[in-house]
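Data block below; observations after.
The values are calculated or read from the model by the stated rules, or taken from the named source; none is laboratory data. Just so it is clear, the structure is predicted and the values come from calculations on it, not from any experiment. All Cβ positions, even for glycine, are placed from backbone atoms using ideal geometry, and neighbour counts span all protein chains on display.
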Amino acid sequence: MTAPILFPTTLVGSYPQPSWLVDKEQLARRVPRIRDHDLWRVPTAQLQEAMEDATRVVIRAQETLGIDIVTDGEVRRESYSNRFATALDGIDQDNPKTVPGRNGLPNLVPRIVGKIRRTRPVELEDLLFLKANTDRQVKITVPGPFTMLQQAWNEYYPSEAEAAMDYAQALNEEIRDLFAHGADVVQIDEPYMQASPDKARDYGVKALNHALAGQTGTTAVHICFGYAALVQNRPSGYDFLPELAGCTCQQVSIETAQSQLDCSILTTLPNKKIMVGCLDLSDMTVETPEVIVGRIRKALQYIAPEQVILAPDCGMKYLPRDIAYGKLASMVEAARVLRQEYSAAA
């Protein structure tokens, strides 16, 4: 199934995992950087089957809602990044380092103790399962090289820039495999570019472009202020966004709803499609389609309708499932209203 030309809808990546699968109380206290098997409520022997069942539920929910470009909801992951980041050679997660997290609280992170290498596909199984269970366009998400580095403790590389480039090489190999096996969109999550803008300017975009070098499919970069459930203090605007004009990705995913972003900054990304985050994930009220249309109109003052993709502000992992479903239903209806309006105008 082909996504609509105007105002397609998608998730940023994650959808709420069922409480029978994941311990939500533990999850609410942290975003795991190392593997955290205690989060899973299902015994190891049954975990794979349980993850597949939960993933089917997430896919069916997106199809029922009318989401155009579906994800696997990141159901198999403890966090958006740790599954890939801890699967690389050169990483020691068994003897982690304690460092302050993005919210200021202590967090365990893996140590870089050798050359970072990818020795096997990590998320290919997730993609193949997703494609086998839907006829819609599919998107798979991977953590970015800059963000993975900020979530680790470097004890091996002489400089962060060198470590970032090896993360990027590992990611380049992973993305190539994902496109070779039918991914329609691969999204790289880089929230730490906003959190550490000076470092991101120094080597972040260079690492991103290395990860994207030679890729033949549609690529996106997601940059945000952190999960609404965990990061309450948010800046009034992006400290790092116009710099992504120099990134070779085709799409950039941003949040506008919770931050009430001044969308004039989008004029700095004239050659990108923009995933306009239009669902406020800090508010447990389900927005009406009219509210969402209003948020998209703010973006349309500065970018063309053909550039707009509707999405939540960020991953929906920490929302109650009924709230997530209701918000997405309103987003799909908002997209229908916008398509009807702009198709009639044409």
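How many of the residues in segment 110-133 are assigned to a strand (DSSP E or B) and crowded, with 23+ Cβ neighbours inside 10 Å? Qualifying residue count, segment 110-133: 3. Among the residues of segment 250-280, count how many are in a loop (DSSP other than H, G, I, E, B) and either among the polar types (S, T, N, Q) or closer than 19 Å to Asp189 by Cα (or both). Going through segment 250-280 one residue at a time, the tally reaches 12.
Within segment 206-216, restricting attention to residues that are in contact (Cβ under 8 Å) with a residue 40 or more places away in the chain and part of a loop (DSSP other than H, G, I, E, B), the residue that is surrounded by the fewest Cβ atoms within 10 Å (Cβ to Cβ) is Gly214. Only one of the listed residues (Thr44, Thr10) is touching a residue at least 12 places away in the same chain (Cβ under 8 Å) and polar (S, T, N, Q). That residue is Thr10.
Evaluating Glu52 against the criteria (1) surrounded by fewer than 18 Cβ atoms within 10 Å (Cβ to Cβ); (2) under 30 Å from Ile112 (Cβ atoms) leaves one unmet condition, (2). Can you find a residue that is at pLDDT below 95 and under 20 Å from Ile265 (Cα atoms) anywhere in segment 200-216? So far as segment 200-216 goes, no, none of its residues is at pLDDT below 95 and under 20 Å from Ile265 (Cα atoms). Please work out if Ile5 is in a loop (DSSP other than H, G, I, E, B) and loosely packed, with under 15 Cβ neighbours inside 10 Å. Yes, satisfied. Total residues in segment 98-152 satisfying the condition of being free of Cβ contacts under 8 Å to residues at least 12 places away in the same chain and on the phi < 0 side of the Ramachandran plot: the figure is 5.
From the list Ile303, Ile296, the one residue that fits, being surrounded by fewer than 20 Cβ atoms within 10 Å (Cβ to Cβ), in contact with a Leu (Cβ under 9 Å, 6 or more places away or on another chain) and more than 17 Å from Pro191 (Cα to Cα), is Ile303. For segment 206-262, a residue qualifies if it is in contact with a Ser or Thr (Cβ under 8 Å, 6 or more places away or on another chain), closer than 19 Å to Leu279 by Cα and among the β-branched types (Val, Ile, Thr), and the qualifying residues are Val221, Ile223. Only one of the numbered conditions (1) out of contact with any helix residue (DSSP H, G or I) (no Cβ under 8 Å at 6 or more places or on another chain); (2) under 25 Å from Arg29 (Cα atoms); (3) assigned to a helix (DSSP H, G or I); (4) touching a residue at least 12 places away in the same chain (Cβ under 8 Å) is not met by Asp313, and that is (3). Taking the condition surrounded by fewer than 18 Cβ atoms within 10 Å (Cβ to Cβ), over 20 Å from Val12 (Cβ atoms) and out of contact with any helix residue (DSSP H, G or I) (no Cβ under 7 Å at 6 or more places or on another chain), does Ala245 pass? In short, no. Of the listed requirements (1) buried (at least 18 other Cβ atoms within 10 Å of the Cβ); (2) over 20 Å from Asn154 (Cβ atoms), Gly66 misses just one: (1). Output the residues belonging to segment 8-32 that are of a type in the set (A, V, I, L, M, F, W, C), part of a loop (DSSP other than H, G, I, E, B) and at pLDDT 95 or above. Hits for segment 8-32 are Leu11, Val12, Trp20, Leu21. Selection over segment 73-87 of residues that are of a type outside the set (Gly, Ala, Ser), out of contact with any strand residue (DSSP E or B) (no Cβ under 7 Å at 6 or more places or on another chain) and either surrounded by fewer than 15 Cβ atoms within 10 Å (Cβ to Cβ) or not in a helix (DSSP H, G or I) (or both) gives a count of 4. The number of residues in segment 217-249 being in a loop (DSSP other than H, G, I, E, B), closer than 18 Å to Pro270 by Cβ, touching a residue at least 40 places away in the same chain (Cβ under 8 Å) and of a type in the set (A, V, I, L, M) comes to 1. On the stretch given as segment 250-272, residues that are touching an Asp or Glu at 6+ places or on another chain (Cβ under 8 Å) and not polar (S, T, N, Q) total 3. Looking only at residues of segment 134-190 that are in a strand (DSSP E or B) and among the polar types (S, T, N, Q), we find that the one that is nearest to Thr248 (Cα to Cα) is Gln187. Pairs meeting the criteria (first residue in segment 60-75 and within 20 Å of Ala220 (Cβ to Cβ), second residue of a type in the set (D, E, K, R) and assigned to a loop (DSSP other than H, G, I, E, B), beta carbons under 8 Å, at least 6 apart or on different chains) are Gln62/Arg136; Ile67/Arg136; Asp68/Arg136; Ile69/Arg136; Ile69/Asp184; Val70/Arg136; Glu74/Lys317. The lone criterion from (1) outside any loop (DSSP other than H, G, I, E, B); (2) out of contact with any Lys or Arg (no Cβ under 6 Å at 6 or more places or on another chain) left unmet by Gly90 is number (2).
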